[in-house]
Each structure stands twice: as C-alpha cells, then as structure tokens.
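Reviewing the structure listed below.
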C-alpha cells in the first residue's frame, strides 16, 4: 500500500488526483492538504467522492506530511513547493510537483517569466522533467519530479519527433493552443464565471504565456540548438481538453508516408500516445477523462508547411494522470496502472 | 471470459456499454451490431476507443450473434428486441434489453403508450425488471432482463421508499425531470443539433411521455394500489445527467429525522445509491460517468409537502451501467465489478 | 431627452439596462454608478459597448445622482435602495428599483425572508409593483417602482389568469422553475465558476427561495384569498432564460378551448405576452434578448391536472427590459419603445 | 418600403436576415423561400418570430420572386444561386448572394475548390465583392453582390491593412480560425448534434477549406502580388462567433504605435470595425448579435512576429448583417440602418 499526500487537494488538479487514486486498491490517500479549507470534510468540496472517503482537509505542512506518507503530490500555485521543500523532506518521501517550480532548468528564465524569486534553486538540477515518453528511465530513480505543464505536454508530444528528425524548420514553429476552462483553476475570479466564459473564445497571454519557455527548453534539447516559438493559448467554453494546432515549414521534401513513419516509430510502443489514421483530426472529446494524447498531421504542399495537431485532457495527461504515471514509474509499478481509462464520450 | 454481443452498438447507450466493458479483463466484446454501419470499423464512429478494439461492425442478426456470445445487450429502438427474440435465442444466451419492450407487464398499456404492436408478448412475464435495488434475487436467475428506463430508474429510486412506507400521499405525486441531451440518441435530427439545444431549456412530451406508465407500474407494486403521477421531462443543454425534482403532500406528520431514517434504511447497504447529508442537494455533476444515484429531500412545513431530489448519469445507471450491474448479477460476479467508477468532475 | 442614472451599472442587470438604453436616441445615460469600479471606464468592464460610450463609473451616491438625472434605476443588492432613498430624492427623480426592497407590501414578510431590517418602510405603500400587465395605470403616475423579480414575473404571468378565473385549485400549485446563470449575478463566487455550472443542473433554495412570498402575494391579490405555493428554482448551464413549469389540479372541468380562451382574453392585447399554439411548448431560446414571455399549457385528463409553461429572458422581461417598459409608461412614451427586439436565435 | 425576398429563409443565415429585417419599418419581407418547408408557417420553424410575421414559406423560384420584390437575398447552398440567376431576374431586382458563387473571380479556382461547375460564369465579373470597407462605392451601383464568407470577412479585415502597408511578410501568413457552430448550418447531420460538438474542439478542413482561396484573392488584390496563406478553421462549442488569430513575420521594424496608427487610419471612420486599446484581446462575446468586427494585435519581439486578432459574429457581419449593410448601400440608405445593434452580453 502506497501512502499518498496531496498538497493543494482542493483545486481541480488535486481533485483529479483524488479521483484517479481513489479507484486504486494499492493506494491510500493519507493527507488532503489545503490552504483554505483545513478542518472541512473533503467531500463537502468534492461531493462526487461522497462515501468514497471521509477525510478531513489538513494543512499544507510538507514537513509533517512527509512523516506520514511515501509520496507527496504538490498541486499548488507557483512558488509554493519551492518554498516548502528541503533535503529532509526529500530524504523521506518522493515529491511530484505539479507546479512549474522545477520544470525550467535555467533559473534566470524561470524568474523572468514567473516574476518570482526561486525558493530552492539547489534542487533544480536534481529534479527530473516528468515526461515519461522521453525521460522514463530517469524518472524511475528520481526523488523529485517536475510534472510538465498542460500546454507543454501536448505541444511537445505533438511536435518533437519532427523537430528531432529535422523534418521541420523549427524557426518557423507556431503553436496555436486551445484549452478548456478547468485549466484556469478553482479560484473565484470574475473572468472565470460561467457567463464570462460561456459562448465565447479569446486568446490570452499573447506573446507572454509562461508555458512558452518550458516548451522551448524541451524542444531545444531535442533540436540540439535553441528553439524559439510563437505560442498563443485560447480559452474555450468547455470543462476539459487541450487542442494544439502547430504550424511549421518543412525542412525537406517529405511524403505523408515519410512523416507517418516517423510518428509511428516514436509512438507505436507508447501506450498513451495515439497516432490517428490519415485525415482523422484529433478532437478533445476523444480523450476526455483519459491519459491519452492523440496526434496527427496534414501536409500542405501549397504552402510548403505541415500542420501538426494534438488533443489531450488537460486534467489527466496534462496534470494528474501524468503525475500518477510518474508515480507508477518511481515505485516500480506498471506505468499504466490505474490509467487504463477509456475516454468518456459524450 | 464472458463473451458479449451488443446490438445497437453505435448508438450512445451502445457506446457507453463498450466504454464500460472495454476496461474489463474478464469480458470480451465479440460483436458490435449495427443497422447502418455494418462493415465499418467501430472506432471510426467512436474514436475515443481507438486502439482499444479493432472490431468491425456486424449486423444485428440476433440468431447468429447468439451462437457466438454468452450475453447480448440490445440497445435498440423500441420494438426491435421483441421482434428478434425467440425461445431458441433465449435458450442459448442471456439477453439484457435496454429498450422498453419488456419493461411494462401490461401489454395493453405498452401498446397504447408506444403505439406499437408487441412482437413477443409471451416473454413479458418471464422478463425481469432489471432494477437490482428491488429485484436483485430475481435478476440472478433470469434469462431476459428488461433494463429500466433512465427517467424511471432515477424517479423510482428517489421516491419509492416514501411510497412504500406510506409517508407521502401518492395521489399528489408530481415528477419534474430534467435530462441531458445524450438521452435523445445519436440520430441526425434538427431538434438535437447543437444550436437548437444549446442555450435553451424546454419541456417535452408533457402529459404523454412513455416513461410515465413504467414509473407508475413500479410505484403501484410498492404502494399496493394504483399510483398515477404527473411526469414532465425537460431537455437541458448538457451531455449527461438526469435530475428529478418530485413533489408530494405528506400523508402524516414526519420530522426530518423520520424521513432520513427511512432513506437510510433502504439505502445504507446499496452501493450505488447515496443519500446526501441534510440540505445538500443532488447535482448531476457529482455523478457524471458513474453508476450512482444521489438522493435527498426537503420538508416544506408551509405547504405540508416534501420535495424529493435525485441525480443520476442517464448513460450509466440510467442505461449501460445498470445493464452491466444486471450482467454481473446474472453471471454470479460481484455486483459492482467494473462499476467502481469515481464520478468525473469537472 | 430623458437623462438616466444607473446605480449598480456594473452588474449584469445594470449592463443589460445600458445595452437597452444605448440603442435609443431619446435617452442619455448620465451616470454609471458602481461600488467597486469608481473611476474606471465603463467599457473596460463591458467591452461589448466599446465606442458606444466613453463614460467613467461614478459612485452610488443617489442624492448626488438625483440632481443630474430624471430617473434612477437601482440594480443593486437587497437593502441598498431602501437605505439610500428619501423624500428629497423622490421629489426630484423617478426611481425604478430592480431589487426586492419595495416588492412585498407586508414588511414583516420581507424582513423574515430577506433577513434584513427594511430601511425605508414608509415608502412601501407608495411603491407600485411594476408589472405593466396588471398595474399599467398605477405605474404611469408612480414616483417609485418596485420592479418585479425574474421568477415572479414569469411565474405570475404564466399562472395568474387561471387563478383569477378560478380554473385551478391554487392550494395545489407547484412551480418548478429553471434559470440561466446570469440570474446569479457577476460576483466572483466559486459556485458560479464555469466548471461548476457547466454540464450540471441542480435545485437550490428548496422550500426557502425569497421569490416565493413575492409570487404568493401577487397571486393572493388575484385569488382574493391567501395563496401558498411550492416554488423550486434550478440552475441551468446557459447564460439567459427562465422556464416555468407549473402544476395544479383543475378546479372544474374545462376543455382545451376553454383554457385557451382565458389566456387569449388576458393576453391578446398584451404586446409582450405570447400565447403559443396548441402543443407548442415555450423554450427559452425563442425569447433570448427580447422582452417576451411565452406561455402555453397542457391539460392532463389522466390526473385532473393542468401543466402551465412560461419562458422568458430573465435579463430583459425579468429585469432590465421590464424596467424600461416601466420607464416608458412613467414618461408617457409608447410602452414598447426600444423594446421591439426580435429574439435572437441561435 | 423596400420589398424583400429571401431564398433559403429557413437556414440559420436566412433566419438571421429575417431577425434583422423584421425590426425595420422601412422593409417588408414578401417572400420566405424554402426548399423543404413550402407551405409551412415560417414561425413554426422560427418560433422566436412568432406574432411578428404570419408568412407561409414559398418556393425558391427566383423568377417568380423577382416579380414581387425589389431585392432578393440568396442564403442557399453553393451552386444554387448561380443555377437560378439570369439576365431577366437581374434586370428586375437586385440580388445579394450569401453563397460563394460569385465571390471568386477566377472561375477555375472556384470550380477546383468547390468541386462544382459554375452555372453562370458570365455574371462573375459584374458581381461586386460585398465588403463595404473596401468596395463601398462599387456596391452602391451594383445589381449583384457576392456577400463575403464569414471566415474571409473576419480574416481579411483583421489582416489587410498590414498587408497593404507592407508591414508584414505575407509569405509567412498563418490564419488560425475558430468558429461557433451556427456556421455549420441547420442541416440534420450527426457531426453537428449537441453531444458531438459540446465539450470538444477540433480542426477541420485542414489545408483544404474553401474559404482559403477567397481570402487569398482579396489579400492578393491588396498586396499587388500573389498571397498564399495557411488557413485552419476550428469548430468551437458555442452558437455564434468567429475568432481569428493570425501570425506573420514583420517585414520591417515597427513599434506598437506604428502599427496602431495604421489600424486607426484604416478604421477610425469605419463604424463596424473597432480597434481595441492596447493589450485588450478581442473576444467573441463582445460582438454577439452585432455587426462589429473587433481587432487588435500584439508584437512579439522575441520571434519578430506579430499576432493579429479579430472577433466577429459569424451570423451578422459574417453573413446577414453584412448583407443588410450591402442592401442599405445599394438602396441609398444610411449604411448602418437597422444595424446599430449593441452586442448582447452575457
């Protein structure tokens, strides 16, 4: 029985962790940590889990939690995990941080984009970027996981094989992303009220969204040279789901079959990445509630470009599901344990 | 390994059966029967299950199917199952019919409300009304199950303890029901287009909806005398979920604790019925994707009435989930096998 | 040119008043009063009106406003208007209060249901309940209008002809109401976030909603004896619209034609109440953006009941549109001036 | 009084024309033409207009209609208008064609992208591309208007000043478009059912959407040399609205003020194009129900690119509203007559 603590359990990502872990018999959630709801029954906030747990929310005191569990998930605002973590905690438990604190290796870049002073730069090097599709072996031995961002996970997995194989000219890369509203979190803000989001679509964070350097850093590792992209997220009136539409000029002449072969080579053995058949576009409805990323592409000979598409549930593969996938690897369990979820449609 | 055939596999209820059964290791779906898509890959219609099955849609020839499987689910339009079934088929396989063909014991009532001539009246008596909460033992030994309707399941479970215990005056019963749009099926009709349903709510089938006699028949069995109700369904702009708001005058003076005790007595041991705490209203978001029915009530001393509320996922407990629950019972499996699904929120 | 001040201009009802009044050439909005946004450009909050006004939000100082305008609309939380109004203000301007402060004539009832001490009981008698369909003449001469609540407007207009004509037994009246989310206001609350409201429906305020006594008081006036109802509102995942489904036992034997004749008699000359043809159910999509209330009914001989249905845009006829209708009457203008809006579909 | 005929009155664009024209006192809609509903009351299909017209649907016989009206709007599938129009009709009435038949001047391009043989190529030259912001004077004298497509209107108005002024390198132009579902029409197709569209987003027509050559042809006219773009539309779960996010590399060094000055120069006198203030992104909710196009841009010095954004109601400025704007110009009326609609929010 693996004992789990969740810090930030009352946010949407925390709630999704609870959803995924409560269906498992090899896991016990020992701690539902919260800032605002200490002492309240957890299911009074997530009535969907009524009768599945009778836990009461605890504090977010990681020192104390680390004495009671085997692994801590931090689904907390930027900066919090870095401010709480220390060697003692890491010596006792594994930590999977769903915030951005340890994702970016260049601390100056982190501090510039996040407008924060990093609280624990000494752990940045140690932290493993928790994308199993590229760092599987490192994850297995890690103490501290930087669980990737939602947009970066979907963008990277959609694009990286073509960057790595030199098929696209990465200097032309444009990523137009669309996300459901759960990505905005459970905080009470006018901008996220039903009537503000419903029946509308908008771009936000144009030319300045914090996930940009995260995507760039990972693609840079693949390209072997600096990659700089345009990244524009949009807010879509739906609960869950991210869709990536990425554009780039082709670096060489390729056929449909050439590109398909690349994707297949990278993903045939990846359980959670599905390469669709020719001309079938990814749609977020096909991944809802699951850990899948669906990808496909279309060549456009008129313009010499390729359009790459990826769809993912931002709450699962984009947050809680990927965190569980990382946990499975860290504890020597089958990577897909508890994640064999058939997407729910409609 | 239980071998399963689904007739009507390409409708929403059929798709939900596939979702629930594909996550099980003790089940093999051998037949995806369809009227319109014979020969097409099943996942071309349900891309969410891509790579989880490579099945091709077959016909709806129940005679043939019955030679290849252990149990057939018929998720088909009214009248079809009754027109296809016969003694030979029933001697070979168990049949769980998700249509209304065998739900109503009084064939005249069926024919009046459904405007159909019943195709197999000889099996009506044998068919067991598949609501495990009241017919658990009969279901275990049945060959033919009439899987209850979505509205009847939610209405009945919300109301029946108070009818049976004589707490309410059933002659005053009014059931105001609200359903998500998946209940309308996957047929191409203008009335169910996105722009027709979105941003609107309407009543339909007022004073004439076919689920009325089904609810009445079951409540009559509980009351021991004829029950006649007002039942009004409404279409709500959401995918899944049914909410029942039922009104009745109290037949005697009761306190909150009295009524709560009744619900608790009936449902404490029922895994799939959750009685909420005082003043917590059921909401469809708390049951999405799960087999739960959430119920609660509110006394109104000003009017001498009680308001009973129930929420359920029409696709799961209201259709496919209940059908699987019935299958589990028929095959001697744990009743909740494959149904321990944590509701998905948001 | 009528000069208008809006107190509470930044809420949804205030925004709707601005939408309706900015399209008129005989109106000048002189004051956009606000509590939280004083000094901010109004269109920074309502970008839809960009370039249509360059106003900056002012305070909610009614004394000051009353010196600059001819009429003040107060679209403010309960209690505010009553706490600000006085004889001096009323001697200078007309006041149309969209809150509940002056709707209920029995101050004890108001204070019980609203848990507030009434700030200006001396004006309650003078205030006219601003439902033009019943109080048209009184409204014309009024200084202070209590603009009806959204649920009461739709409920009352759907039901009252049958109460007044003694067609229904009002002791059996049950009103099941459904509302879009704009009715919950623009305040930042978790319960009204997109992901909390979307894909769900719930009852709220069961047996205790504050609009209950308002509906009862008006129906009592029609019946000539005390009317007590069950009233249950529900929150629906859509922006606008209220649907009323009301149930009552018939007090006498009536045919479809009898009841239709009653509705026609009351409403043929009412521009904003549309009685639908037989068997056409009101739907909120048919009134969106307009000042209409659509009504219809269905007799149910099986139960001896009648089902009455009404649909309305809660923001227009349920709030700002009705307020404008009242203003038109008070200023001797055509009642439908600026309100001849064709409902927007889809 | 201008007498109007609408061919294709029962589709969404036809319904929107009726909405806009029924609120005018200088217009009489004489003919509601339909293919499928001849003989049915128009308001039985558009109950929102109940009591505003008692018209019965007529045929789509343009010859006959042309004898009864002054102007015909054809809101019909591609190819129909071209197959029905002739010199006689054009000699009697003005025709505003909302289909694509006369938008593209190069008939070979039309036939390649639309897979149709053009039925009346002799009128292509005469037809004026009905975008008042660029062709105002020509429209005034035209007999036949090719009303622009929804995506082209929004894309072109968002981008063209920067193409014309040489600010962007048009060879790098990428247009990522998002549309509400009304753009898909009122036909009964499974893909447009509520449960298929809701809670999902997808790209479609990737590298092959028919609006691509229309945008290219118009931009080519502005650039004075061939423009070729990448254009990808997406389906968004909302009724109305188009959002354009367009990307291009800058052709020269420019400041925010430089670019803002260009937009202002082109659009200050344009009533229906609103250039937003710095950093305020267009959102479709701010234009709902109105004839506005809202535009803005963001420079991205990191990549040397500019992001251009435009929002529009696809049913109004993208179809019916623009058609009315053209009609106003053709009949010597104020261009904004009947179009001074304040956008409806929420």
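Within segment B:108-118, the set of residues being surrounded by 14 or more Cβ atoms within 10 Å (Cβ to Cβ) and modelled with pLDDT of 95 or more comprises B:109, B:110, B:111, B:113, B:114, B:118. Evaluated against (1) in contact with a strand residue (DSSP E or B) (Cβ under 9 Å, 6 or more places away or on another chain); (2) within 14 Å of chain B (Cβ to nearest Cβ), residue C:344 falls short on exactly one condition, (1). Among the residues of segment B:141-156, those that are over 15 Å from residue B:321 (Cα atoms) and part of a helix (DSSP H, G or I) comprise B:155, B:156. Scanning segment A:200-224 for residues that are more than 10 Å from every other protein chain (Cβ to nearest Cβ) and free of Cβ contacts under 8 Å to residues at least 24 places away in the same chain yields a total of 3. Among the residues of segment A:108-140, those that are in contact with a strand residue (DSSP E or B) (Cβ under 8 Å, 6 or more places away or on another chain) and in a loop (DSSP other than H, G, I, E, B) comprise A:126, A:127, A:130.
Residue-by-condition table, conditions (1) over 30 Å from residue B:223 (Cβ atoms); (2) more than 10 Å from every other protein chain (Cβ to nearest Cβ); (3) free of Cβ contacts under 8 Å to residues at least 24 places away in the same chain; (4) touching a strand residue (DSSP E or B) at 6+ places or on another chain (Cβ under 9 Å):
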{"site": "B:165", "(1), (2), (3), (4)": "no, yes, no, no"}
{"site": "B:168", "(1), (2), (3), (4)": "no, yes, no, yes"}
{"site": "B:173", "(1), (2), (3), (4)": "no, no, no, yes"}
{"site": "B:178", "(1), (2), (3), (4)": "no, no, no, yes"}
{"site": "B:181", "(1), (2), (3), (4)": "yes, no, no, yes"}
{"site": "B:189", "(1), (2), (3), (4)": "yes, no, yes, yes"}
{"site": "B:195", "(1), (2), (3), (4)": "yes, no, yes, no"}
{"site": "B:198", "(1), (2), (3), (4)": "yes, no, no, no"}
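If a residue must be touching a helix residue (DSSP H, G or I) at 6+ places or on another chain (Cβ under 8 Å) and assigned to a strand (DSSP E or B), how many such residues does segment B:297-315 contain? Result for segment B:297-315: 8. Among residues that are over 12 Å from the mean Cα position of the chain (by Cα) and either within 21 Å of residue C:233 (Cα to Cα) or surrounded by fewer than 16 Cβ atoms within 10 Å (Cβ to Cβ) (or both), residue C:128 is not included. Residue count for segment A:33-51 under the criterion of being touching a helix residue (DSSP H, G or I) at 6+ places or on another chain (Cβ under 9 Å) and closer than 26 Å to residue B:267 by Cβ: the result is 9. The conditions of being within 14 Å of chain A (Cβ to nearest Cβ), under 21 Å from residue D:16 (Cα atoms), without any contact (Cβ under 8 Å) to a residue 60 or more places away in the chain and crowded, with 20+ Cβ neighbours inside 10 Å are met by residue D:294.
A count restricted to segment A:269-288 and to residues that are within 11 Å of chain D (Cβ to nearest Cβ), surrounded by fewer than 24 Cβ atoms within 10 Å (Cβ to Cβ) and in contact with a helix residue (DSSP H, G or I) (Cβ under 8 Å, 6 or more places away or on another chain) stands at 1. Would you say residue C:245 is surrounded by 24 or more Cβ atoms within 10 Å (Cβ to Cβ) and within 30 Å of residue B:295 (Cβ to Cβ)? Yes; evaluated as a whole, the condition is true for this residue.
Exactly one residue among B:59, B:66, B:91, B:83 is touching a helix residue (DSSP H, G or I) at 6+ places or on another chain (Cβ under 8 Å) and away from every other protein chain (no Cβ under 14 Å), and that residue is B:66.
Can residue B:241 be described as modelled with pLDDT of 95 or more, more than 9 Å from chain C (Cβ to nearest Cβ) and within 25 Å of residue C:282 (Cβ to Cβ)? No: the conditions fail for residue B:241. The number of residues in segment D:38-53 that are away from chain C (no Cβ under 12 Å) and more than 25 Å from the chain's Cα centre (by Cα) comes to 3.
Might you let me know whether segment B:300-315 holds any residue that is away from chain C (no Cβ under 12 Å), without any contact (Cβ under 8 Å) to a residue 60 or more places away in the chain and in contact with a strand residue (DSSP E or B) (Cβ under 9 Å, 6 or more places away or on another chain)? No - not one qualifying residue is present in segment B:300-315. Here the condition is being under 17 Å from residue A:113 (Cα atoms) and out of contact with any helix residue (DSSP H, G or I) (no Cβ under 7 Å at 6 or more places or on another chain); of A:206, A:236, it holds for A:206 alone. Of all residues in segment C:147-154, none are at pLDDT 95 or above, within 29 Å of residue C:240 (Cβ to Cβ) and surrounded by fewer than 19 Cβ atoms within 10 Å (Cβ to Cβ).
For the list (1) in contact with a helix residue (DSSP H, G or I) (Cβ under 7 Å, 6 or more places away or on another chain); (2) within 14 Å of chain C (Cβ to nearest Cβ); (3) buried (at least 23 other Cβ atoms within 10 Å of the Cβ), I need the number of the one condition that residue B:319 fails. All conditions pass for residue B:319, except number (2).
Residues in segment D:235-267 that are over 15 Å from the mean Cα position of the chain (by Cα) and over 21 Å from residue D:306 (Cβ atoms): D:235, D:236, D:237, D:238, D:239.
The values are calculated or read from the model by the stated rules, or taken from the named source; none is laboratory data. These figures come from a predicted structure and were not determined experimentally. Here the Cβ is made from the backbone with ideal geometry for all residues, glycine too, and neighbour counts use every protein chain on show.
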